[in-house]
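Before any comments, here is the structure.
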Amino acid sequence: ALVPSVIFGSAMVAVVSAGVIARYVMDSPMPWTEEGSRFLMIWMVLLGLSVVARRREEMRLVLFAVKFPLPIQRAIKLLTASAVLVFLLFLTYYGFIMTVNAKTQYVPSMGITMFYPYLCVPIGGALTVIQLGIQMSLDVLQWKTKRSPYDVDIN
């Protein structure tokens with residue numbers, strides 16, 4: 001999902017640049033660039049979320065968690081990851097329902113249905129659920145070691 005996120009981000013920069021040039025240089029604004037760049041940004045973020053989960057680069061506050069004994073650290077990590085997983089499952093499920101219902105909503109400036117912009121919600125959610133599930137499994141497999149669950153290997 002890293003490559004598609006980079007592609008969506010690059011496309012967003014190109015669309016915004018084209019919109020600025022069209023509006024201020026050519027004095028002929030393109031009405032679709034604002035919505036197009038917004039949709040590209042949302043796709044980029046929701047696909048990038050799974051990359052963040054895979055690399056364990058999510059924001060977290062570990063200042064207090066690392067002061068507890070190792071078994072409690074593991075429980076805290078598992079509990080917080082489980083809460084995030086539940087949220088992502090809801091996001092994916094209701095995102096899918098929202099996407100299916102959006103087939104009849106049109107974006108007038110772009111001539112497409114909202115199905116395509118909304119499709120990033122269930123796809124991004126599902127990819128992140130998979131990555132988080134893998135990371136949680138790896139955490140459980142490391143319980144026999146003396147390593148804190150907050151020590152992170154990026155590779």
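The values are calculated or read from the model by the stated rules, or taken from the named source; none is laboratory data. These figures come from a predicted structure and were not determined experimentally. Every residue, glycine as well, gets a Cβ built from its backbone with ideal geometry; the counts of neighbours run over all protein chains shown. Calculation scope for accessible area: heavy atoms of the full protein, side chains included, ligands and nucleic acids excluded. Shrake-Rupley method; radii C 1.70, N 1.55, O 1.52, S 1.80 Å.
Data overview
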{"read-out": "Theoretical gain in end-to-end length, Thr145 to Leu79 [0.36 nm per residue, Cα-Cα removed]", "value": "21.8 nm"}
{"read-out": "The chain - percent relative contact order, Cα under 8 Å, separation 6 or more", "value": "27"}
{"read-out": "Estimated 222 nm signal from helices in the chain, with DSSP H stretches of n ≥ 4 weighted -39500 (n - 2.57), rounded to 500", "value": "-22500 deg cm²/dmol"}
{"read-out": "Extension gain, Arg60 back to Ile7 (0.36 nm per residue minus Cα-Cα distance, nm)", "value": "16.3 nm"}
{"read-out": "Range of Cα positions in region 84-134 per principal axis (Å), largest first", "value": "40, 15, 12"}
{"read-out": "Burial ranking of peptide ranges 91-102, 112-123, 14-25 (average Cβ count within 10 Å, highest at the top)", "value": "112-123, 91-102, 14-25"}
{"read-out": "Label corresponding to Cα extents along the principal axes in Å when calculated from the structure given, among (i) 111, 17, 14; (ii) 48, 42, 23; (iii) 64, 35, 24", "value": "(iii)"}
{"read-out": "Sites Leu138 and Tyr94, calculated FRET efficiency, Cβ-Cβ separation with R0 25 Å, nearest 0.05", "value": "0.35"}
{"read-out": "Cα-centred dipole magnitude for region 5-90, charges only on beta-carbon of K, R (+1) and D, E (-1), debye, nearest 20", "value": "660"}
{"read-out": "Percent accessible area from carbon and sulfur atoms, the chain, protein chains only, probe 1.4 Å", "value": "72"}
